[in-house]
Structure formats: structure tokens, C-alpha cells
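Computed from the coordinates by the stated procedures, all read-outs in this text should not be read as laboratory data. Predicted model only: the values in this text are computed from it and were never measured. Neighbour counts are summed over all protein chains in view; Cβ atoms, including those assigned to glycine, are modelled from backbone coordinates with ideal geometry.
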Amino acid sequence: MNGRNEPQQESASAHGYALRSYESGDEAAVLETFNRVFAAIDPTFEPRDLRTWRWLFEGNPSGRRLWLAVTPEGRIVAQCAGIAQRMLIDGEPTFVSQSIDSMADPTFTQGLKRPGAFVRTCLGYWDAYSGSGPDRDAFVWGWPVETAWRIGKSQLKYEVVRTQGLLFATERTFAAGPAPGIDVAEVASFDEDVRELFDRVAPTSRCIAVRDAPQLTWRFLERPGFTYRIATARRAGRLVGLAVFRDGSFEGVPCGALCEWLIDPDVPEAGHALAHWAFACTLEAGRDELVVVLPDSRPWWMLMQSIGFRVRPTKYFPVARYFSKRHHPRWLWDHWYYTLADTDLV
Amino acid sequence: MTANDYEIREYLPGDEESIVRCFNDVFTDGDDRFVGRDVESWRWSFTDNPAGWRVYVAVCDGRVVAQCAAQPLRMIVEGAEATFAQGVDSMTHPAHRRGLKRPGLFVNTANAFFDRYGGADRDVVHFGLPIEQAFKMGTTFLKYEVVRTQTVLGLAPVVPPDTWPAEVERLGAFDEQVRWLYDRCSGAFGASAIRDATFLEWRFSRPGATYVRLGVRDEQGILRGLAVYRRTHLVVDDVGCVCEWLVPPEEPEVAELLERGLRRLAHEDGATGLALVVPDWSPWFAWMQERGWRVHPSVYTMCSRHWVRRLTPLWLRNHWWYTLADTDLV
């Protein structure tokens, strides 16, 4: 748990379940419940395997966030889970987590008194992991579907950070080429100088998840079942840009996706060169468009439009539950930099 | 101060001077751009609005010290007439911000306002475009929710056509053709304020503001599209704001003429750029980008509080047509 305080546990009670953090051995029951619950509500759902589960929750170098409601027999009543992220907020190290896989097993939860097992589990998660300070999650965020959003806003105090637009480019609109003096190369691994690049990028956004070799290796090279292409941009040998591409789909539309985008703020032409590479990857994959998700409040939102990206709405809207007044959703709208790499969407 | 020191009630004729005095005291505080309001302007905002007025005040010692107010809009929502109202000029006099304990004087005034005006048979939606401070107040105490973080279509620099497009005319008074045009456009809108001569004449007769009305007509003189322009401050200074844009989506040739007219007008007017607000689901959102307009972030968040279950912020995001004319920003 990366040095974090062991959270308070709550033993089995009148509710008929215990609230506690994940313990080794829970994974089979968690996975069985996850696959059953989500298959019932999502016809396109593909069951998750144990390897993927372990990657998601045990492999993340930023830590684990798993809070469960468990019956005495070891069955999972509800889960509140998140992807931990090491952050720099105003230059200070801290954490946040992206809420994912939240669920309640209807077998147990129907007829339960308010607040239900799910809400109690989420409240336990926040008690365990969230708050102010370097080892707590400053905010918890997510990309809710409509049903989750109704519960999130009414019972868990989530608020909308933004309504997310999608930047997309087609062969007709795309207008970036290679940049003189910038060498773009596809690579098979992340080197240690990624952190140096991140340290140059980070001061331009007051709120940003740490990009370093361990984190990106976990996110893109160790994820089971997914293949990503990674490119670096260098000027005179110095890393000035990093991009990750994936052939896939977004909101059901086949496309190339720019999953990660980290550009030295003093070398915007590195972004042009990497966008050129990513668009070539898109055409190579037989796709018509390249898409990227960025905050509209950050500089690359406009810079992407200047090289031929256009904007259309999406169904997505990041929401956040914040634990200090400073990190109000409007502040996050203004200062938080994220890419698809921060999400579980690609 | 106690609750007995304040009377919270609906506006009564004669309140306007005290409201305006309070408004000027509140908004002059720390705003270099602020231009004091007069009673004529207040009357235009509220009592002259053909859709009516929504004003609740808190009065202390005979003076208005807080206000919760809104400008109603006659709407068509899923084919039926309804009313939305835009919250404007919310205020509490600085000397009374500690008046009453939690939830405070303004929230008490607002709650009385919502009790009076919100409901399935009254205003079905209240909305607003608050900046950060008002946004926190609205979401924390008044149950406002985010419809969308508002983007603005912007064009800068403006490259004008060499000449004024001959098919584009400067319109005089609006007439019944505005409603005909609205009816041709509104089929795709789940919810929209009714554009007719009454509404637009009131909206674009705002005291102290100069608007230019542009239109394109067919050979029979029938109005095929209209745009209303005003150079003002919107995020940045001297922007040519497209306050209204009403063109059937299946008539891009009309849009092209109007857009060229707007470019020419902005150029002649010395505007630094052009700005337009339309919903991002609108075909015009994509069309304008094809013409070189870009999608800019803004400090505004469109928020709503709904009184009919189905008119959730999510539904409004996907179905509600609005332009700057629906707001008090320009």
C-alpha cells in the first residue's frame, strides 16, 4: 500500500456484512461478482480474467484501492474500487484515485435499508483512502454512466468537472508534418528520462498525475490483451515529447487513439511531429480518424485544433468528489491535466 | 440580525430604485468594468420582458438588501409550451451577508423564490451561466447542476470577404416571419425558447447595447435565416458576438451568406474576433469549425435546476437549443 496507513476496518455487524479492505484470497469472489453483475447490465460486457484483475489492482505502482462489503461466508456484497494515481498538485506529491468497477450485488442489496451496502462501502473507501495530505487521495474521480451518476451526485457528493469534448482529425483536416530537428522514433520501452520530461511538463499544470517509467510501463506495456505503440520525440538526443497510440474505437467508432500525450512546453513542434506519427499510425491501421481526449482548459486543446483537429461532444463527463475546498471541480476544470492514459477507457 | 429584521417577499412596484441601488452597491465592489445600472435598464430586464418577471427581494429597514431574480423565456419543450427562467442579478448587500445564520439571507431569499416560481405548472427549469464564485453558491446551496461546461466557437483573426455579400440585408423591426423561421428550425430541438417578433424585439432593445440584425430572404421576401451581432466584452474585449443564429440546418447556403456577412461586419466594426454559442450537438457546431471557427473554453458553466423529472441536466445537454440571446451575457 505504498506506506499508507492501514485503514479502519468494520467487522460484520447487523448489516450482515463486514466493510474492509481487500485481503489476499478475495480476488476469486470479487471477480466472480464483478463478471456476474456487469454481464447483467451490459450486453457488450466481456468477462474479466484473473490476470487482468491482478494487473489492475496488484500491479499498479501507485498502489491499490479496494474496499469491500463481505459476508461472513466470503461473498462480495459490494465493492468500491479505484485506480490509484500518484499526483503532483501545486508541486506537492499526493494521490487521487479513479473510481472503477463500483458495484453492488443485487442478490444482497435489494431490500437493504438506506444507505445501502454500496453507499456504505463507498463511504468506507473514502474514510480509508481519501482526505488531505501526501498519502491520501485529494479527490476521487470517474467517468460515470447515467445510473451511476444519479447515485454519485445524490448520495456521494460527486460533481461534474467538465463535459468532455473529443478532439478528432481526419485525412481531410489533419495538418501537422514532421518537424525539423525533431527525431521521432518508435520504442519498445519507457526510459528513465520520461521522468525528466514529466518534470518539465508538470509545472504547466497545477494538477497532474505522475508520468514515469514504472507508471507508464504498467499502464501500456503490462496491460493484458492490449497493444500500444509508443513514440518518443528527441531534439539533439534530449527527450522532448512522448506519445502512445492505440488502434481501437471510441464510443463505438473505430479510430486511432492518442492515449498519452506529454510534450515539453518549450518545444511544441515535438507535438506536431508526434501527431504526424500518430496520424500515420491511424492510416496504417486503416482507420479514418485519430482521436485524443484532453482538458479544454489546457494549452494543447487549442494547439491540437491548430493542426487540424476538430471537436465533437462525447457522452463522457469527468466527475469528482473532492476532500479539500481547494480542489473544487471548477478548480479541477481549470488546472487538471489528463489524457486517456489516466482513464480506463482505452 | 434575526429573521424578524428581514421581510422576504415578491417584488412590488416601487421597489425598483432600491433594487438598483443595492445592485450598484454589490456589483461595483472590485469590478473595474462595472457600469452602474439605472431603473430603465432594470425595467427592461424584468417588467418589460414579454414573458414576465421573477423577482424576490429581502427588505431590511425599508431597503432591498438581497435579491433572487430571473428572466423567464417562453419555451417549446417536446412540442408543448413551457417556461424556463434564467437566474440573473442574484445578490446580497455586503452589509447583510452575515444576515441570518446558515443557510444565510440569500439562500433564504432564493428558497422563497423557488417555492414561488418553480414547478411542473410554473417554471419547469431554472438555469444560469455562473462564473466560479456564483457556481459554487448555486451548486452547494441552490441545487443547481451542470448542464455543460460552456465552450464558445471563436474566429480570430477574422478574414473578411472583399465585399459585403449582396444577399445579406440589415433587418429592421422583426415581424411574423421570425416565428415562421423558428418553426422551420425548431423541429430538431427538444427544447428551445420561442423566437418570435415579441421576444426578439424585447431581447435586442436592451438599453445601452447596440445590435445589428442581419437576414437573408428568398425571392419572395421570406426570411430564410437571421443573425444578430453585437461588439462587446465576452471573455475578451471587443469581440463581435453572434448573439442570435437562426438558420434551418438544411440550408447551409443561407448560413454561408450570413457567416460571410458577420465576418465583413466584424471587420468593419474593428472587432478582434467573432464568438458564437450553440449547443455542441447542433450541426452548426461542426459546420462553423469547417469554416475555420475553433472551440474555445470559457469561464462559464451552464447550470440548471429542474422541476420536471425528465428535464435532467443530461437531457438538457442533449436536447436544449440555446444561443447567447437566451442569456444575459451580451
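Points worth noting:
- Along its principal axes, chain A has C-alpha extents of 69, 41, 34 angstrom, given from the largest down.
- With only Cα atoms counted, the stretch A:188-340 has Rg and Dmax values of 15.5, 47 Å.
- Table column - 3J(HN,Hα) (Hz), the stretch A:79-87, Karplus curve with 6.51, -1.76, 1.60, x for Gly and Pro: 9, 10, 10, x, 8, 6, 9, 6, 10
- Cut-off 14 Å between beta-carbons: net charge of the residues surrounding A:L283, Lys and Arg +1, Asp and Glu -1: -2
- Here's the picture: a label point sits 7 Å out from the Cα of B:E81 along the beta-carbon direction, and within the stretch B:18-54 the residues with their amide nitrogen under 16 Å of it are B:50-53.
- Across the stretch A:18-24, computed HN-Hα scalar couplings (Karplus, 6.51 cos²θ - 1.76 cosθ + 1.60, θ = phi - 60°) run 9, 9, 7, 6, 4, 10, 3 Hz from first to last residue, x flagging Gly and Pro.
- Solution diffusion estimate, µm²/s, Stokes-Einstein, the stretch B:151-298, Kirkwood Rh from C-alpha pairs, 10 °C, viscosity 1.306 mPa s: 102 µm²/s
- Other residues with beta-carbon under 14 Å from the beta-carbon of A:P313 carry, at +1 per Lys or Arg and -1 per Asp or Glu, a net charge of +3.
- Binning all Cα-Cα separations of the stretch A:18-157 at 5 Å, short to long from zero, yields these whole-percent fractions: 2, 9, 19, 23, 22, 15, 7, 3, 1, 0.
- Set of aspartates and glutamates near B:K143 by C-alpha distance (under 14 Å), chain-local residues within fewer than 8 positions excluded: A:E159, B:D115
- Inverse mean reciprocal Cα-Cα distance (Kirkwood Rh) of the stretch B:254-300, Å: 11.7 Å
- As a ratio to 2.2 N^0.38 Å, the alpha-carbon radius of gyration for the protein assembly as shown is 1.04.
- For chain B, the longest principal axis of the C-alpha atoms and the axis of helix B:16-27 are separated by about 80°.
- Listed by number, the DSSP H helices of chain A that run 20 Å or longer by alpha-carbon position along their axis and have mean Kyte hydropathy of at least -1.0 are A:27-41, A:268-284.
- The distance separating the Cα centre of the stretch B:85-155 from that of the stretch B:266-301 comes to 27 Å.
- Rg to Rh, two decimals, where the stretch B:148-215 supplies the alpha carbon set and Rh follows Kirkwood: 1.02
- Whichever aspartates and glutamates have a C-alpha closer than 17 Å to that of A:K157, once near sequence neighbours (fewer than 8 apart) are set aside: A:D127, A:D137, A:E146, B:E145
- For the stretch A:280-330 versus the stretch A:58-127, the inter-centroid distance based on Cα atoms is 27 Å.
- Taking the Cα atoms of chain B, the ratio Rg/Rh between the radius of gyration and the Kirkwood radius comes to 0.98.
- Alpha-carbon Debye profile of the stretch B:1-89, log10 I(q)/I(0) at 0.15, 0.22, 0.23 Å⁻¹: -0.63, -1.09, -1.15
- In the stretch B:94-134, the trypsin sites (Lys or Arg not before Pro) that fall in loop regions by DSSP, at most 11 other Cβ within 10 Å: B:R98, B:K101
- Given chain B, longest segment not containing exposed loop GluC sites (Glu not before Pro) (DSSP; at most 13 other Cβ within 10 Å): B:79-175
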